[in-house]
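Asks: One structure coming up, written as structure tokens, with questions to follow.
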Amino acid sequence: MIYAANFKTNHTRKSTENYIEDLQRHLLNKNSEDRVLIFPPLTALDNYEGDFTVGVQNAYPVNNGAFTGEVGLEQLAEFNINTILIGHSERRDILNESQEDVAKKFAFFKEQGFEIIYCIGESLEVREQGLEAVMEHLLSQFEGIDTTYEHFMVAYEPIWAIGTGRTASVEEITSTHDALKKVVNKPLLYGGSVKGANIAEIAAIENVDGVLVGGASLKTETFLELVLH
Ligand code: PGA
């Protein structure tokens, strides 16, 4: 299983340091075949070492240049970051990233050999129309994306389940992941209100290869409930 922690706009440099120190101590007990990835905010990036990978939640697809407020490859290289989240629904919906923007970002970081966790997900309105409509929407989010790229994972995150406490049902996750696997044969994470109370049933689903976790990743205790479940 892959356990990815997305801190979003939470934690400081200091609290991330404390978190990682505590996490590393407990990761000695994890299954050796499991992987842990941490996505702290930009200001908390550093050369952390341990049995986990630190990635970036977002970056601008340039090496460097005049892009006020953005971070490019040069800033990430200082901390040996070569893993990135692309296409998260918060970036698509709140920061207005279009599919074209997302695809451009994907192409740039693919070119750099980054490991990419590529997020897709549907709104409640689409989910209520059934699996066919959901798949049509999800497949449209692969437009311009090379799904055969070697260092590529997909995170399926229904928007209505993110940060809401409302997880997709086992049936919804199963049918969506089964359909996605037929199209993209890559590691497939589920995200959306994953927590200690539902990790066992979600992790047991055949085509769930991991989880992308927001809220429950913010404290080591609740994140470790998932990693060590
Ligand atoms: P959540 O967030 O676990 O708080 O629902 C998941 C995500 O957005 O990656």
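Asks: If the requirement is being within 16 Å of the ligand (Cβ to nearest atom) and among the acidic types (D, E), which of these qualifies: E78, E97?
Replies: Criteria check complete, one pass: E97.
Asks: Is there a residue in region 64-83 that is under 17 Å from A155 (Cα atoms), buried (at least 17 other Cβ atoms within 10 Å of the Cβ) and touching a Gly at 6+ places or on another chain (Cβ under 7 Å)?
Replies: yes
Asks: Tell me yes or no: at least one residue of region 152-160 is open to solvent by 40 Å² or more (accessible area, probe 1.4 Å) and either out of contact with any Gly (no Cβ under 7 Å at 6 or more places or on another chain) or of a type in the set (A, V, I, L, M, F, W, C) (or both).
Replies: Taking every residue of region 152-160 in turn, at least one turns out to be open to solvent by 40 Å² or more (accessible area, probe 1.4 Å) and either out of contact with any Gly (no Cβ under 7 Å at 6 or more places or on another chain) or of a type in the set (A, V, I, L, M, F, W, C) (or both).
Asks: Is it the case that some residue within region 136-143 is more than 18 Å from E206 (Cα to Cα), at pLDDT below 95 and more than 13 Å from the chain's Cα centre (by Cα)?
Replies: No, region 136-143 has no match at all.
Asks: Here is a further query. Can you list the helices (runs of 4 or more DSSP H) found entirely within region 160-229 that contain at least 3 residues being of a type outside the set (A, V, I, L, M, F, W, C) and either touching a residue at least 24 places away in the same chain (Cβ under 8 Å) or away from the ligand (no atom under 12 Å from the Cβ) (or both)?
Replies: Because the criterion is at least 3 residues that are of a type outside the set (A, V, I, L, M, F, W, C) and either touching a residue at least 24 places away in the same chain (Cβ under 8 Å) or away from the ligand (no atom under 12 Å from the Cβ) (or both), the helices (runs of 4 or more DSSP H) in region 160-229 that meet it are 170-183, 220-227.
Asks: Any residue that is assigned to a strand (DSSP E or B), open to solvent by 20 Å² or more (accessible area, probe 1.4 Å), within 14 Å of I117 (Cβ to Cβ) and in contact (Cβ under 8 Å) with a residue 12 or more places away in the chain - is there at least one of those in region 41-60?
Replies: yes
Asks: Okay, moving on. Going through region 135-159 one residue at a time, which ones are away from the ligand (no atom under 16 Å from the Cβ) and not in a helix (DSSP H, G or I)?
Replies: If the condition is that a residue be away from the ligand (no atom under 16 Å from the Cβ) and not in a helix (DSSP H, G or I), then F142, E143, G144, I145, D146, T147, T148, Y149, E150, H151, F152 are the ones that fit.
Asks: Next up: Tell me, please, whether a residue that is acidic (D, E) and out of contact with any Leu (no Cβ under 9 Å at 6 or more places or on another chain) can be found in region 68-86.
Replies: Yes, some residue in region 68-86 is acidic (D, E) and out of contact with any Leu (no Cβ under 9 Å at 6 or more places or on another chain).
Asks: Among what's in region 6-55 and is of a type in the set (D, E, K, R) and in contact with a strand residue (DSSP E or B) (Cβ under 8 Å, 6 or more places away or on another chain), pick the residue that is nearest to G215 (Cα to Cα).
Replies: R35
The values are calculated or read from the model by the stated rules, or taken from the named source; none is laboratory data. It should be emphasised that the depicted structure is a prediction, and the values quoted were computed from it without experimental measurement. Neighbour counts run over all protein chains shown; Cβ positions are idealised from the backbone, glycine included. With ligands, DNA and RNA removed, areas are computed over all heavy atoms of the protein, side chains included. Shrake-Rupley method; radii C 1.70, N 1.55, O 1.52, S 1.80 Å.
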